Amino acid sequence: MSAAPRLIDSHGRILRDLRISLTDRCNFRCLYCLPETEAAQNFYRGRWAAMPHSTPIARQWQPQANFLTFDELERVIRLAAGLGIQKIRLTGGEPLLRPKIEELVGRIAGIPGIEDLALTTNGFLFPKVGRALRAAGLRRVSFSLDSLDRENFQKLTGRDGLAEVLESIRLARELGMAPVKVNAVIIRGINDHEIEGLADFAREQDVAMRFIEFMPLDSARAWQRELVVSGGEVLRRLQSHRELVPAPAKSPAETARRWRFADGRGEIGLISPVSEPFCGHCNRIRLTADGKIRTCLFSVVEHDLRSRLRDGDSDESLAEYLLTVALGKEARHHIGEPEFVAPERSMSCIGG
């Protein structure tokens, strides 16, 4: 009996991880994604003109009717699971803005073959829905926490929401979600002075703090490499601050290089797509809220799955389409290279 087909690209990578955006809306206005606040404008002032592709992305929210329905999402995930997808991560925008998300989580949790179901959120609304999500089958959650200082948090996110995010992290641990991951995008001149403090927070709270390099996915198109604090720089500072012990990789496709504290709880992860790309082992594929497949976070091409779903394609036809799209996955991104072209949509519209 022949083996079932698998999502595999032309470079031999088997795709196991499907990241699904539920909405392009967000209730934060983060500097590195939707920099629309006065603080963001002041920080980036003058940088647009210096960019080779300096025209800001015009923000146009998708009509709700364009978002894939829960029935459509469940169908896609069942097909993907049959093609070898094992991990689902729900993202946005802010996924908790999608009404009745716990219903979708319950559906996904019951799909055979899905071994890992996770959520990425800014945490602002999690205290209201966290228990329902856990009961529905959510296993893991990642929060955004770019600052532990209330004023700086508001400057970075455009919202006075630090207390809500801290409560979300506490609640996730209480609910037994593990590991609880906390993401911090580090921008030079904004929050790089908080690196050691964020690491100490991970140690005190026994969570996994992941430091992420600033990527060219902001709607302002104001990214510059000089604003990137490399993973290597973060590591050198943390090694001077506390003794760290390397943690073994769980999979070659892991995005983070991980360390544990030698004398305590918690974990540090470095995600360095700009300075140390990890494309060679990438096993991820993305589905936007409006039903477009992206084979790389930095793809300049999107593949229209929604039309096929709504035009009545059979499961067999859709599976064949997914196999064909996966085959064309890019070898790597080209950040920092002369030929690099930023995606037409910002991170909020693509999905993290």
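Total residues in segment 163-183 satisfying the condition of being open to solvent by 20 Å² or more (accessible area, probe 1.4 Å), at pLDDT 95 or above and closer than 17 Å to residue 264 by Cβ: the figure is 1.
Residues that are among the basic types (Lys, Arg) and under 13 Å from residue 177 (Cβ atoms) within segment 119-144 comprise 131, 134, 139, 140, listed in sequence order. Confirm whether residue 299 is open to solvent by less than 20 Å² (accessible area, probe 1.4 Å), modelled with pLDDT under 85 and part of a helix (DSSP H, G or I). Considered against the rule, which asks whether it is open to solvent by less than 20 Å² (accessible area, probe 1.4 Å), modelled with pLDDT under 85 and part of a helix (DSSP H, G or I), residue 299 comes out as no.
When residue 250 is tested against (1) exposed (fewer than 15 other Cβ atoms within 10 Å of the Cβ); (2) of a type in the set (Lys, Arg); (3) farther than 22 Å from residue 11 by Cα, just one condition goes unmet, and that condition is (3).
One line per residue, one yes/no per condition, for (1) at pLDDT below 95; (2) in contact with a Cys (Cβ under 6 Å, 6 or more places away or on another chain); (3) in a helix (DSSP H, G or I); (4) within 25 Å of residue 175 (Cβ to Cβ):
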position: 39; (1), (2), (3), (4): yes, no, yes, no
position: 49; (1), (2), (3), (4): yes, no, yes, no
position: 58; (1), (2), (3), (4): yes, no, no, no
position: 74; (1), (2), (3), (4): no, no, yes, yes
position: 93; (1), (2), (3), (4): yes, yes, no, yes
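Looking at 285, 186, 195, 190, just one residue is touching a strand residue (DSSP E or B) at 6+ places or on another chain (Cβ under 8 Å), hydrophobic (A, V, I, L, M, F, W, C), surrounded by 18 or more Cβ atoms within 10 Å (Cβ to Cβ) and in contact (Cβ under 8 Å) with a residue 60 or more places away in the chain, and that residue is 285. Among what's in segment 82-92 and is open to solvent by 20 Å² or more (accessible area, probe 1.4 Å) and within 20 Å of the chain's Cα centre (by Cα), pick the residue that is farthest from residue 134 (Cα to Cα). Checking each candidate, the answer is 86.
With the structure loaded, tell me whether residue 88 is under 20 Å from residue 318 (Cβ atoms), among the β-branched types (Val, Ile, Thr) and not in a helix (DSSP H, G or I) or whether it fails that test. So residue 88 passes the test.
Within segment 60-72, residues that are modelled with pLDDT under 95 reach partners that are small (Gly, Ala, Ser) and part of a loop (DSSP other than H, G, I, E, B) with beta carbons closer than 7 Å, at six or more positions or on different chains, in the pairs 62/289.
The set of residues in segment 31-45 that are crowded, with 23+ Cβ neighbours inside 10 Å and not aliphatic (A, V, I, L, M) comprises 32, 33.
Can you tell me which residue in segment 268-282 is farthest from residue 184 (Cα to Cα), limited to those that are open to solvent by less than 30 Å² (accessible area, probe 1.4 Å) and not in a loop (DSSP other than H, G, I, E, B)? My answer is 279. Taking segment 310-341 as the range and being more than 19 Å from residue 85 (Cα to Cα), surrounded by 13 or more Cβ atoms within 10 Å (Cβ to Cβ) and modelled with pLDDT of 95 or more as the test, only 313 passes. Does residue 265 fit the bill of being more than 20 Å from residue 213 (Cβ to Cβ), open to solvent by 70 Å² or more (accessible area, probe 1.4 Å), charged (D, E, K, R) and touching a residue at least 24 places away in the same chain (Cβ under 8 Å)? The answer is yes for residue 265.
The residue of segment 217-239 that is modelled with the lowest pLDDT, among those that are over 17 Å from residue 195 (Cα atoms) and open to solvent by 10 Å² or more (accessible area, probe 1.4 Å), is 219.
I want to confirm something. Restricting to segment 95-138 and keeping residues that are of a type in the set (Lys, Arg) and either at pLDDT below 95 or assigned to a helix (DSSP H, G or I) (or both), which single residue is most open to solvent (accessible area, probe 1.4 Å)? Write out each step before concluding.
Start the filter on segment 95-138 by keeping residues that are of a type in the set (Lys, Arg), which leaves 98, 100, 107, 128, 131, 134.
Narrowing the set further to residues that are either at pLDDT below 95 or assigned to a helix (DSSP H, G or I) (or both) leaves 107, 128, 131, 134.
Details: 107: 62, 128: 170, 131: 130, 134: 81 Å².
Ranking the candidates gives 128 first.
Note on segment 7-22: residues that are at pLDDT below 95 and either crowded, with 20+ Cβ neighbours inside 10 Å or of a type in the set (Lys, Arg) (or both) amount to 1.
The values are calculated or read from the model by the stated rules, or taken from the named source; none is laboratory data. Note that the coordinates shown come from a computational prediction; the quantities given were computed from them, not determined experimentally. Neighbour counts are summed over all protein chains in view; Cβ atoms, including those assigned to glycine, are modelled from backbone coordinates with ideal geometry. Quick note on the areas: whole protein, heavy atoms, side chains included, nothing else; ligands and nucleic acids left out. Shrake-Rupley method; radii C 1.70, N 1.55, O 1.52, S 1.80 Å.
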